[in-house]
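Reading through the structure tokens given below for one structure.
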Amino acid sequence: MTGAGTNTYLLGDEQVAVLDPGPAIPSHIDAILEAGGDRIKWVVCTHTHVDHSPAWKAIAEATGAKPLGMSPGDNMFQDETFKPIWELEHDDVLRSDEFTLRAIHTPGHVSNHFCFFLEEERMLFAGDHIMNGSTVVIVPPSGDMKAYIESLQLLLRYDLHLIAPGHGEVMEDSRAIVDWLVNHRLQREAKVIKGLQSIGRAGLDTLVKVVYDDVDEGLHEMAKLSMSAHLIKLHHENRALQHPEDDTWELITL
């Protein structure tokens, strides 16, 4: 699910921030330390999934760097070791003589996700909020489809030029990418509604084959997570009803 791997970004020259240090792989940690050395002052984590944050500890211990981010919001696929000295809130700013890095709280993929806006270059470090080459899996309960769509729409308030994702290459035409992602999620939601209309009351295993008929069946187990997030969103909006006794869903008709 990480493609070619997790991107780690080093920002600054005299004072370096390591953004998304990645998994605790010794060779990867050595490469970061070789590149940044004692100039590393901060370790910044977009979120605490195990492919993004665990290397923070070795880097902080080696350099004295301050870890920044938000503590894990749940225990599902999370790096429970992460202990930020600076517990970020929306619109917090990390400033050095070389750069201004603004924290944008973007829950959705998980509740403790942040994007970071490098104001001088109009570059958004998107973590797992936006990826190049695939869409993001939303994993309930910490993952929230309503929050994800709203967080995408929030990004349109910023003067974005480039998106540097946690996975994949840097992307241009940022506003068009964000607009496409919002529309894609709403179109998928429409397929959830249409699927329930055609099938009637249904479980996830049945519904996923209709809603994700354009996705390889080998990915349907992961797709069910995002589909569940769509259903939860519809439930909160009083548009879908869950039957816990057999884990089925149906539309609410007025």
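The values are calculated or read from the model by the stated rules, or taken from the named source; none is laboratory data. Given the structure is predicted, the values throughout are model-derived calculations rather than measurements. Every residue, glycine among them, receives a Cβ derived from its backbone with ideal geometry; neighbour counts consider all protein chains shown.
Considering only residues in the stretch 122-150 that are of a type in the set (Gly, Ala, Ser) and assigned to a loop (DSSP other than H, G, I, E, B), the one that is farthest from Glu169 (Cα to Cα) turns out to be Ser142.
When you check Asp30 against the structure, is it touching a residue at least 12 places away in the same chain (Cβ under 8 Å) and either in contact with a Gly (Cβ under 9 Å, 6 or more places away or on another chain) or over 18 Å from Phe117 (Cβ atoms) (or both), yes or no? When the stated conditions are applied, Asp30 does not pass them.
The residues of the stretch 26-38 that are of a type outside the set (Ser, Thr, Tyr) and either surrounded by fewer than 15 Cβ atoms within 10 Å (Cβ to Cβ) or under 21 Å from the mean Cα position of the chain (by Cα) (or both), listed by number, are Pro26, Asp30, Ala31, Glu34, Ala35, Gly37, Asp38.
Of all residues in the stretch 20-68, those that are under 18 Å from Phe99 (Cβ atoms), small (Gly, Ala, Ser), out of contact with any Ser or Thr (no Cβ under 8 Å at 6 or more places or on another chain) and part of a helix (DSSP H, G or I) total 1. For the stretch 1-16, residues that are assigned to a loop (DSSP other than H, G, I, E, B), modelled with pLDDT of 95 or more and of a type in the set (Ser, Thr, Tyr) total 1. Would you mind stating whether Leu19 is modelled with pLDDT of 95 or more, in the same structural domain as Thr106 (by TED's automatic domain parsing) and within 18 Å of Ile163 (Cβ to Cβ)? It is true that Leu19 is modelled with pLDDT of 95 or more, in the same structural domain as Thr106 (by TED's automatic domain parsing) and within 18 Å of Ile163 (Cβ to Cβ). Here His129 does not qualify as modelled with pLDDT under 95, within 12 Å of the chain's Cα centre (by Cα) and under 26 Å from Ala58 (Cβ atoms).
Taking the stretch 164-254 and the helices (runs of 4 or more DSSP H) fully enclosed by it, the elements with 2 or more residues that are surrounded by 16 or more Cβ atoms within 10 Å (Cβ to Cβ), under 18 Å from the mean Cα position of the chain (by Cα) and at negative phi are at 174-199, 220-236. Any residue in the stretch 90-107 that's surrounded by 12 or more Cβ atoms within 10 Å (Cβ to Cβ): show its pairings with residues that are among the acidic types (Asp, Glu) and outside any loop (DSSP other than H, G, I, E, B) at Cβ separation under 9 Å, as long as the two are six or more apart or on different chains. What qualifies is Pro107/Glu150. Within the stretch 69-121, the set of residues being of a type in the set (Val, Ile, Thr), part of a loop (DSSP other than H, G, I, E, B) and either at pLDDT 95 or above or more than 17 Å from the chain's Cα centre (by Cα) (or both) comprises Thr81, Ile85, Thr106.
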